[in-house]
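Below is one structure; the comments refer to it alone.
The values are calculated or read from the model by the stated rules, or taken from the named source; none is laboratory data. Note that this is a predicted model, so its numbers are computed, not measured. Every residue, glycine among them, receives a Cβ derived from its backbone with ideal geometry; neighbour counts consider all protein chains shown.
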């Protein structure tokens with residue numbers, strides 16, 4: 001192998017990225033639903049270290065903005081209103097990892113609001129919304145991929161291990177699902193489910209729909225691996241000694257399929273996150289006020305938002321590091337699985 | 001010929017299965033188009049029941065399916081509640097527009113991906129390959145949505161391209177050449193978005209397929225015979241690598257169809273995508289079913305063409321088909 005540490009490095013990088021999203025409450029300065037109607041579409045706050053007089057400060061600060069009396073129009077920074085940024089400060093209540101009540105934030109301000117990535121139409125902080133939105137989008141992707149792999153592994157194993165009419169039936173069904181353009185199928189499934197539901201129901205619906213559409217490809221891959229694994233000599237020997245189907249599957253057949261499943265997971269998760277984004281962007285996914293990466297982009301469909309507020313694009317960039325991570329992980333997993341493949345080939349297997 | 005026939009039968013069975021499947025899904029749907037009417041106090045419950053009866057929504061599923069197949073034979077594909085017209089004519093126009101978009105994008109994407117992928121494989125490990133790998137990787141991680149939005153804002157800011165639709169107002173008055181130019185201008189942005197989003201994957205596959213055959217003994221022998229490099233790559237290597245690439249061609253049509261859904265909605269291209277979205281939001285049952293089936297037809301058609309090309313390009317498949 002070229003680089004034995006590659007797999008580990010990608011795993012660590014992805015772990016860190018997911019940890020940031022999982023602890024969104026700590027990294028986000030505000031509650032994602034907290035509105036400030038007096039500050040709609042505020043551009044990202046400029047953080048300074050050097051003040052108007054050229055003096056250097058160790059603690060970063062920003063200036064409040066000059067606002068015209070009769071409108072929300074911003075005329076620039078008000079150098080008289082400097083606000084210091086405080087680190088590890090107490091702010092809005094949240095639940096760390098969903099259950100630990102907590103008030104500690106990475107940063108915050110005593111007075112005045114800081115919008116590191118700007119604010120949206122209701123003056124909600126974009127950074128906080130992107131971080132919290134990631135929880136929804138990534139969870140939908142992870143759960144969806146888990147469901148797909150579970151379905152794929154079950155169906156693929158059944159078809160490959162038991163063969164016969166079960167194999168024929170399941171593989172015809174898989175062909176059917178592969179033949180349907182998956183985004184259209186996704187939309188069709190969504191179309192036949194209720195539209196106006198609570199955010200939690202919508203999230204579960206979207207996850208299940210995304211998870212059930214894509215089972216065919218992993219099922220076919222798993223079937224191939226199982227087919228070759230069950231004919232291996234040691235499996236035959238174990239069967240000869242009277243091992244039950246359950247034991248053989250658990251002990252010899254499924255472990256052979258694990259590397260295929262892991263690689264599929266690394267490929268599917270970002271795809272499914274993207275699917276959630278697409279559904280929510282089009283208004284068929286998780287609804288407001290709960291943020292998700294998709295519905296954060298939804299107001300870009302308004303012409304005025306599209307051309308005026310560039311920071312509203314930023315949620316689309318949030319997925320990029322995750323994409324990169326999973327792409328690298330998939331590559332590393334394939335590389336990691338290759339020596340085994342070589343070995344299997346030299347032993348006469350077709351895996 | 002028998003091979004073609006068998007493939008067509010297979011495609012027909014697939015389409016039949018897909019139609020049954022979508023019908024089954026639609027039967028799971030809680031509620032339908034007329035449910036919205038119940039909220040309207042001006043429409044009496046009796047009217048709604050009679051409307052349901054008029055459109056046969058109160059019949060059992062198999063009956064509805066047979067009726068739908070019957071209307072399919074007449075080119076109607078059921079009835080759109082929202083448009084108050086048969087679905088067929090509605091879909092044909094949209095499907096044509098989607099086809100124009102995806103076929104153009106497919107052709108352009110492959111015309112770019114083939115030479116770039118071959119170049120990348122031929123220079124594996126050296127700078128053209130590295131630059132291309134980086135470029136494909138960075139385009140791969142950009143979401144299609146962002147790409148489409150960025151192109152749209154480019155159009156708005158620069159004013160070089162129209163920002164939506166298929167033709168400009170006053171299209172009818174243009175001369176033939178002017179009409180062609182107008183459509184090309186409208187096509188440019190959505191096609192660019194689709195090509196850019198599908199290119200990285202295509203280039204990577206071409207590179208992998210060519211790279212696999214480049215080390216083959218027959219190519220080394222050909223190289224030893226002094227056959228020029230370009231001829232070696234485009235005649236010998238490409239031919240040998242054709243098999244996976246042609247299969248990929250079939251699949252790329254499907255991927256582009258899914259990709260075009262979003263691009264069509266964002267860039268308001270009057271294709272199947274926006275129609276489907278409208279129909280989904282309005283619970284316009286038969287339009288959704290029709291849209292899914294038409295897109296399946298395209299995908300199956302793409303794979304059918306790919307199969308035919310494989311038959312033509314790969315002698316192994318010809319002999320296999322002949323012996324069966």
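The helices (runs of 4 or more DSSP H) found entirely in the range A:206-297 that carry 2 or more residues being within 30 Å of residue A:309 (Cβ to Cβ) are A:254-281, A:293-297.
Taking the listed residues A:200, A:248, the one that is under 23 Å from the mean Cα position of the chain (by Cα) and away from every other protein chain (no Cβ under 11 Å) is A:200, with no other qualifying.
The criterion of being under 23 Å from residue B:303 (Cα atoms), in contact with a helix residue (DSSP H, G or I) (Cβ under 7 Å, 6 or more places away or on another chain) and part of a helix (DSSP H, G or I) holds for residue B:195. Would you check if residue A:173 is closer than 28 Å to residue B:247 by Cα, within 11 Å of chain B (Cβ to nearest Cβ) and either touching a residue at least 12 places away in the same chain (Cβ under 8 Å) or assigned to a helix (DSSP H, G or I) (or both)? Answer is yes for this residue.
Across the range A:306-325, the qualifying residues are those that are more than 9 Å from every other protein chain (Cβ to nearest Cβ) and under 18 Å from residue A:39 (Cα atoms), and the one among them that is surrounded by the most Cβ atoms within 10 Å (Cβ to Cβ) is A:312.
With respect to residue A:152, is the statement that it is touching a helix residue (DSSP H, G or I) at 6+ places or on another chain (Cβ under 7 Å) and more than 20 Å from residue B:294 (Cα to Cα) true? So residue A:152 passes the test. Does any residue of the range A:113-135 turn out to be surrounded by 15 or more Cβ atoms within 10 Å (Cβ to Cβ), modelled with pLDDT under 80 and closer than 25 Å to residue A:14 by Cβ? Yes: one or more hits. One residue stands out in the range B:265-276 among those that are within 15 Å of the chain's Cα centre (by Cα) and in a loop (DSSP other than H, G, I, E, B): the one that is nearest to the other protein chains (Cβ to nearest Cβ), namely B:271. Condition check: part of a helix (DSSP H, G or I) and more than 10 Å from chain A (Cβ to nearest Cβ). Does residue B:262 satisfy that? No.
Scanning the range B:279-290 turns up one or more residues that are within 14 Å of chain A (Cβ to nearest Cβ), assigned to a helix (DSSP H, G or I), in contact with a strand residue (DSSP E or B) (Cβ under 7 Å, 6 or more places away or on another chain) and buried (at least 22 other Cβ atoms within 10 Å of the Cβ).
Checking each residue in the range B:214-232 for being part of a helix (DSSP H, G or I) and surrounded by fewer than 19 Cβ atoms within 10 Å (Cβ to Cβ) picks out B:217, B:218, B:219, B:220, B:221, B:222, B:223, B:224, B:229, B:230, B:231, B:232.
For the range B:3-17, the set of residues classified as more than 16 Å from residue A:181 (Cα to Cα) and either surrounded by 12 or more Cβ atoms within 10 Å (Cβ to Cβ) or in contact with a helix residue (DSSP H, G or I) (Cβ under 8 Å, 6 or more places away or on another chain) (or both) consists of B:3, B:4, B:6, B:7, B:8, B:10, B:13, listed by residue number.
Residue by residue, here is whether (1) out of contact with any strand residue (DSSP E or B) (no Cβ under 7 Å at 6 or more places or on another chain); (2) modelled with pLDDT of 80 or more; (3) more than 30 Å from residue A:209 (Cα to Cα) holds:
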{"residue": "B:25", "(1), (2), (3)": "yes, no, no"}
{"residue": "B:33", "(1), (2), (3)": "yes, no, no"}
{"residue": "B:38", "(1), (2), (3)": "yes, no, no"}
{"residue": "B:50", "(1), (2), (3)": "yes, no, yes"}
{"residue": "B:65", "(1), (2), (3)": "yes, yes, no"}
{"residue": "B:101", "(1), (2), (3)": "yes, yes, no"}
{"residue": "B:111", "(1), (2), (3)": "yes, yes, yes"}
{"residue": "B:115", "(1), (2), (3)": "yes, yes, yes"}
{"residue": "B:122", "(1), (2), (3)": "yes, yes, yes"}
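Residue under question is residue B:145, and the condition is that it be within 14 Å of chain A (Cβ to nearest Cβ), assigned to a helix (DSSP H, G or I), in contact (Cβ under 8 Å) with a residue 12 or more places away in the chain and more than 17 Å from residue B:186 (Cα to Cα); does it hold? So residue B:145 fits the description; yes.
The residues on offer are B:254, B:211, and the sole one that is crowded, with 16+ Cβ neighbours inside 10 Å, part of a helix (DSSP H, G or I) and at pLDDT 80 or above is B:211. Out of curiosity, is residue B:295 at pLDDT below 80, within 11 Å of chain A (Cβ to nearest Cβ) and either surrounded by fewer than 24 Cβ atoms within 10 Å (Cβ to Cβ) or farther than 20 Å from residue B:145 by Cα (or both)? Judged against the criteria, residue B:295 is not a match.
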